[in-house]
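Data block below; observations after.
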Amino acid sequence: MWPLMSSSSPKPKAASAFYGRTLDRLQALQLLFQAEATRRSVPAVLEDVYVVSDDVVASDEGRKENLVTTGPIRPYARKLVLGVKAHQGELDSEISGRSIAWDFSRITPVDKNVLRVALYEMIYEDEVDDSVCVSEAVLLAKALGGEDSHRFVNGILGSFARAQEGPEPTDALDRSEGKSADVDVRDEAEKGGK
């Protein structure tokens, strides 16, 4: 993770990496993670002292560094945190149902919270386009998650977005048998056929 700097530390010369709604999402993730890591409720964390990024910058050495604050949290970040907590059961079911290769309990807390925030926005925040939610989540997963987090997050959110759009028409459907051409080829290959 990134080293923490005090809010009084001088700001490095490089431009900010996160700002606007991206910074709001980052703060929401940090608060959700703090609540989970300390086993406290979100309201308890919000009422107590918490640490969130005020800005994230690249140092001259190329490292990402947080300029931190103990609050207050930005208004949209607060809305995201409270919304995610209010709908966490539904969001977790959605993640679990789309996570084919991973049991929900094996998903890292960072990845879970990135997915929760993005899904919350995709479902409940009509002013934010789904493609923006996916792009922002992938960006945050790259910055905060493991080596393959961004791929995992993209896959889960892409699956959700496609499901929201409805079934895709396909030309490969063999209407006489109700199977796709790909299934027929695999079936033949498995049987040792041509």
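Being at pLDDT 90 or above and touching a Cys at 6+ places or on another chain (Cβ under 7 Å), is that true of even one residue in region 66-87?
Scanning region 66-87 turns up no residue that is at pLDDT 90 or above and touching a Cys at 6+ places or on another chain (Cβ under 7 Å).
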For this session: Test residue 104 against the stated conditions and say whether it is out of contact with any Pro (no Cβ under 7 Å at 6 or more places or on another chain), surrounded by 20 or more Cβ atoms within 10 Å (Cβ to Cβ) and farther than 12 Å from residue 25 by Cα.
Result: no
Exercise. If only one of 40, 25, 21 is outside any helix (DSSP H, G or I) and at pLDDT 70 or above, which one is it?
Worked result: 40
Exercise. Is it the case that region 147-158 has a residue that's among the β-branched types (Val, Ile, Thr) and touching an Asp or Glu at 6+ places or on another chain (Cβ under 8 Å)?
Worked result: yes
For this session: Could you please find all residues in region 144-186 being among the aliphatic types (A, V, I, L, M), under 30 Å from residue 29 (Cβ atoms) and at pLDDT below 90?
Result: 144
Exercise. Restricted to region 94-147, and to residues that are of a type in the set (S, T, N, Q) and in a helix (DSSP H, G or I), which residue is farthest from residue 32 (Cα to Cα)?
Worked result: 131
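Every residue, every condition in (1) surrounded by fewer than 19 Cβ atoms within 10 Å (Cβ to Cβ); (2) within 16 Å of residue 151 (Cα to Cα); (3) under 11 Å from the mean Cα position of the chain (by Cα); (4) not assigned by TED's automatic domain parsing to the domain that holds residue 32, yes or no:
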{"position": "95", "(1), (2), (3), (4)": "no, yes, yes, yes"}
{"position": "98", "(1), (2), (3), (4)": "yes, yes, no, yes"}
{"position": "113", "(1), (2), (3), (4)": "no, yes, yes, yes"}
{"position": "116", "(1), (2), (3), (4)": "no, yes, yes, yes"}
{"position": "121", "(1), (2), (3), (4)": "no, no, yes, yes"}
{"position": "125", "(1), (2), (3), (4)": "yes, no, no, yes"}
{"position": "128", "(1), (2), (3), (4)": "yes, no, no, yes"}
{"position": "133", "(1), (2), (3), (4)": "no, yes, yes, yes"}
{"position": "137", "(1), (2), (3), (4)": "no, yes, yes, yes"}
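The values are calculated or read from the model by the stated rules, or taken from the named source; none is laboratory data. Since this is a predicted model, take the numbers as computed values, not measurements. Glycine gets a Cβ as well: all are built from the backbone with ideal geometry, and neighbour counts include every protein chain shown.
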